[in-house]
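Asks: Please read through the structure below; I'll follow up with questions.
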Amino acid sequence: MSVEILVVDDECVIADLVEVYLKNEGYHVHKFYNAAGALECVRREHLDLAILDVMLPDMDGFTLCQKIREDYLFPILMLTARVEAMDKITGLTLGADDYITKPFNHLELVARVKTQLRRYTRYNPGGQAPQAPQEYDIRGLQISRANHKCTLFGQELALTPLEFSILWYLCSRQGQVVSSEELFEAAWGEKYMDSNNTVMSHIARLREKMHEPSRRPKFIKTVWGVGYTIE
């Protein structure tokens, strides 16, 4: 079964190059130069991953990402020339799983795509066979690795594979303080190279989905200068 990847970029040369890189890896690519066509494709096809540019002619990539996240959990990578930290935080907060800036190294792009796909097929029930049943129940927060399901007081949380991975790791180390570096390497599966706001942005997104007040959260607590913990 082929891996279906959506590529959206109004720069034809960039979109064409990304398409070539991905096809060389054996992936099937759905390429669009605007958001309207991409949204139709999302509703029509069974996609495994999306790569979105931020600057599009009919809708910015952040809005497109947000619309996709309303109904779909497949990984989303933002590919853009905008390098400001706030842009990265915005994309990650709205549901993106990774952020790659232009100009980019095609080997890094392919590696990040493979990392996200590996995580998605591992935790998505429609992917590979699930691991042995494991779950945690922490004061009404229930998370199961067997079926990639998480509920809070009986209400299911729509988590992306990356968000699930972050929350699972924190739950698996209940009572311990997990540093940003450790959490990044566990959830992203990559070496933590430098300080950034990636982990913080995803924690904020998780708290939002859990309706947690940022100043006095009941579950994911910040230990300033150290990391995060679920007690």
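The values are calculated or read from the model by the stated rules, or taken from the named source; none is laboratory data. Note that the coordinates shown come from a computational prediction; the quantities given were computed from them, not determined experimentally. Backbone-built Cβ (ideal geometry, glycine too); neighbour counts: all protein chains shown. Surface areas here come from the heavy atoms of the whole protein model, side chains and all, with no ligands, DNA or RNA. Shrake-Rupley method; radii C 1.70, N 1.55, O 1.52, S 1.80 Å.
Asks: Of the residues that make up region 55-65, is at least one part of a helix (DSSP H, G or I) and of a type in the set (Asp, Glu)? Walk me through how you get there before you give the answer.
Replies: Filtering region 55-65 for residues part of a helix (DSSP H, G or I) gives 61-65.
Next, from what is left, pick out any that are of a type in the set (Asp, Glu): none.
Checked against the condition, which is being part of a helix (DSSP H, G or I) and of a type in the set (Asp, Glu), region 55-65 yields no hits at all.
Asks: Then there is this: Filter region 124-146 for residues that are crowded, with 16+ Cβ neighbours inside 10 Å, assigned to a loop (DSSP other than H, G, I, E, B) and modelled with pLDDT of 60 or more and give the result.
Replies: Passing the criteria: only ARG145.
Asks: Next up: Do we have ALA36 as out of contact with any strand residue (DSSP E or B) (no Cβ under 7 Å at 6 or more places or on another chain), more than 17 Å from PRO161 (Cα to Cα), at pLDDT below 85 and open to solvent by 50 Å² or more (accessible area, probe 1.4 Å) here? Lay out the reasoning, then the answer.
Replies: Values: out of contact with any strand residue (DSSP E or B) (no Cβ under 7 Å at 6 or more places or on another chain): yes; more than 17 Å from PRO161 (Cα to Cα): yes; at pLDDT below 85: no; open to solvent by 50 Å² or more (accessible area, probe 1.4 Å): yes.
Here the answer is no, as ALA36 does not meet what is asked.
Asks: Taking the conditions exactly as written (at pLDDT below 75, out of contact with any strand residue (DSSP E or B) (no Cβ under 6 Å at 6 or more places or on another chain) and not basic (Lys, Arg)), does ALA81 satisfy them or not?
Replies: Details: at pLDDT below 75: no; out of contact with any strand residue (DSSP E or B) (no Cβ under 6 Å at 6 or more places or on another chain): yes; not basic (Lys, Arg): yes.
Considered against the rule, which asks whether it is at pLDDT below 75, out of contact with any strand residue (DSSP E or B) (no Cβ under 6 Å at 6 or more places or on another chain) and not basic (Lys, Arg), ALA81 comes out as no.
Asks: Here's something else I'd like to know. Based on what the data block shows, is ASP58 modelled with pLDDT under 95, under 15 Å from THR80 (Cα atoms), among the charged types (D, E, K, R) and open to solvent by 60 Å² or more (accessible area, probe 1.4 Å)? Show your work before the answer.
Replies: Working: modelled with pLDDT under 95: yes; under 15 Å from THR80 (Cα atoms): no; among the charged types (D, E, K, R): yes; open to solvent by 60 Å² or more (accessible area, probe 1.4 Å): yes.
Judged against the criteria, ASP58 is not a match.
Asks: Restricting attention to region 61-76, which residues are more than 14 Å from PHE32 (Cα to Cα) and either open to solvent by less than 60 Å² (accessible area, probe 1.4 Å) or in contact with a Cys (Cβ under 8 Å, 6 or more places away or on another chain) (or both)? Explain how you work it out, then say what you get.
Replies: Start the filter on region 61-76 by keeping residues that are more than 14 Å from PHE32 (Cα to Cα), which leaves 62-63, 65-76.
Answer for region 61-76, where residues must be more than 14 Å from PHE32 (Cα to Cα) and either open to solvent by less than 60 Å² (accessible area, probe 1.4 Å) or in contact with a Cys (Cβ under 8 Å, 6 or more places away or on another chain) (or both): PHE62, THR63, CYS65, ILE68, ARG69, PHE74, PRO75, ILE76.
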